[in-house]
1. Please go through the range 43-76 and give me each residue that is over 17 Å from ASN2 (Cα atoms), open to solvent by less than 60 Å² (accessible area, probe 1.4 Å) and part of a strand (DSSP E or B), ordered by number.
2. Restricting the search to the range 18-42, which residues are more than 18 Å from PHE3 (Cα to Cα), among the aliphatic types (A, V, I, L, M) and open to solvent by less than 60 Å² (accessible area, probe 1.4 Å)?
3. Looking at the range 1-17 only, could you name the residues that are aromatic (Phe, Trp, Tyr) and open to solvent by 30 Å² or more (accessible area, probe 1.4 Å)?
4. For a quick check of your reading of the model, give me the residue pairs whose first member lies in the range 13-34 and is farther than 19 Å from GLU76 by Cα, whose second is surrounded by 14 or more Cβ atoms within 10 Å (Cβ to Cβ) and hydroxyl-bearing (Ser, Thr, Tyr), with beta-carbon atoms closer than 6 Å and at least 6 apart or on different chains.
5. Could you tell me which of the residues ASN66, ASN2 is among the polar types (S, T, N, Q) and touching a helix residue (DSSP H, G or I) at 6+ places or on another chain (Cβ under 8 Å)?
Amino acid sequence: GNFTFQVGAFASRESAERLRAELDPRFGNARVVEFDRGDRMFYRVRVGKTTSLQEAGVYEAHLVRNGFPDAFAVAE
């Protein structure tokens, strides 16, 4: 499958875009994904892309080592 990595979620699109702009040069493929919870909109910041679970584990560990301890893989 395909995996990407969530490094943050915000109620403010502005905050999400600020983090996206910081991450894109460092990790590539940074983007903001909207999530409507029903009562409120959230903006999830995701980076990277891998095509195997093994690669996902390596990339997630890379994010954690580089200051994103709450980063996690998301199947796409």
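1. Of everything in the range 43-76, just one residue is over 17 Å from ASN2 (Cα atoms), open to solvent by less than 60 Å² (accessible area, probe 1.4 Å) and part of a strand (DSSP E or B), namely TYR43.
2. LEU19, ALA21
3. Going residue by residue through the range 1-17, those that are aromatic (Phe, Trp, Tyr) are 3, 5, 10.
Within the range 1-17, PHE3, PHE10 qualify.
4. The qualifying pairs are ARG13/TYR43; ALA16/TYR43.
5. Working: ASN2 fails: touching a helix residue (DSSP H, G or I) at 6+ places or on another chain (Cβ under 8 Å).
The conditions single out ASN66.
The values are calculated or read from the model by the stated rules, or taken from the named source; none is laboratory data. Given the structure is predicted, the values throughout are model-derived calculations rather than measurements. Note that each Cβ is placed from the backbone with ideal geometry, even for glycine, and that neighbours are counted across all protein chains shown. For accessibility, only protein heavy atoms count, side chains too; no ligands or nucleic acids. Shrake-Rupley method; radii C 1.70, N 1.55, O 1.52, S 1.80 Å.
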